[in-house]
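Student: The following block contains the structure, expressed as structure tokens.
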């Protein structure tokens, strides 16, 4: 499978060379995230694309000084809903009905059941659920980058509240979850580039219940 070969090729790039990645490739990576499956089709996250050097420089100290933040061509910040609201849920099902040519109220029973569950949960429970959906898109973005032979570094090492404030995410009802730095590896200065990929053996990783 070419996907498995692509995943063997990729690694969490530790040093990037600052070279630009073609916008067409960035667009494809974002599109892979957009097409990701999510619970009930809610898509409760956004991707914030950043290429501005000055903004990346402001993000770097929030990300504990990691060099990939400024050496990357682009940063993709995955930000999840801070909570579910009835308006947000209604909007999703309204769009589905419109684009699929379904009658109004087609999915009301399911939508009302879904909202009745969310209504009993806390905002933190909403955010945690939405963040898990964001990670599905995050994973597909990583795979898409590998397929395009574009280097990517998944990053959780940042102070989320500070990043949210810098980008004004709170005003959008969002909270940052993770960052994907997109760029090109610096083969001469990345200590990890030529080391063997190490993962748990399949025998230890897979539990078969037959």
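The values are calculated or read from the model by the stated rules, or taken from the named source; none is laboratory data. None of these values were measured; they are calculated from a predicted model. Quick reminder, even Gly has a Cβ in these numbers, built from the backbone with ideal geometry, and neighbours come from all protein chains shown.
Student: Filter the stretch 85-105 down to residues that are outside any helix (DSSP H, G or I) and touching a helix residue (DSSP H, G or I) at 6+ places or on another chain (Cβ under 9 Å) and give me whichever is surrounded by the most Cβ atoms within 10 Å (Cβ to Cβ).
Tutor: Here the residue is 85.
Student: Kindly indicate whether any position in the stretch 122-144 is assigned to a strand (DSSP E or B), under 21 Å from residue 31 (Cα atoms) and either at pLDDT 95 or above or touching a helix residue (DSSP H, G or I) at 6+ places or on another chain (Cβ under 6 Å) (or both).
Tutor: no
Student: In addition: Applying the selection to the stretch 172-198, what residues are under 22 Å from residue 48 (Cα atoms) and outside any strand (DSSP E or B)?
Tutor: 172, 173, 184
Student: Can you tell me how many residues in the stretch 153-169 are surrounded by fewer than 19 Cβ atoms within 10 Å (Cβ to Cβ) and either at pLDDT below 95 or within 14 Å of residue 16 (Cβ to Cβ) (or both)?
Tutor: 1
Student: Does residue 25 qualify as being at pLDDT 95 or above, touching a helix residue (DSSP H, G or I) at 6+ places or on another chain (Cβ under 9 Å), more than 22 Å from residue 157 (Cα to Cα) and part of a helix (DSSP H, G or I)?
Tutor: So residue 25 passes the test.
Student: So which of 60, 68, 23, 8 is in contact with a strand residue (DSSP E or B) (Cβ under 9 Å, 6 or more places away or on another chain) and more than 21 Å from residue 134 (Cβ to Cβ)?
Tutor: 23
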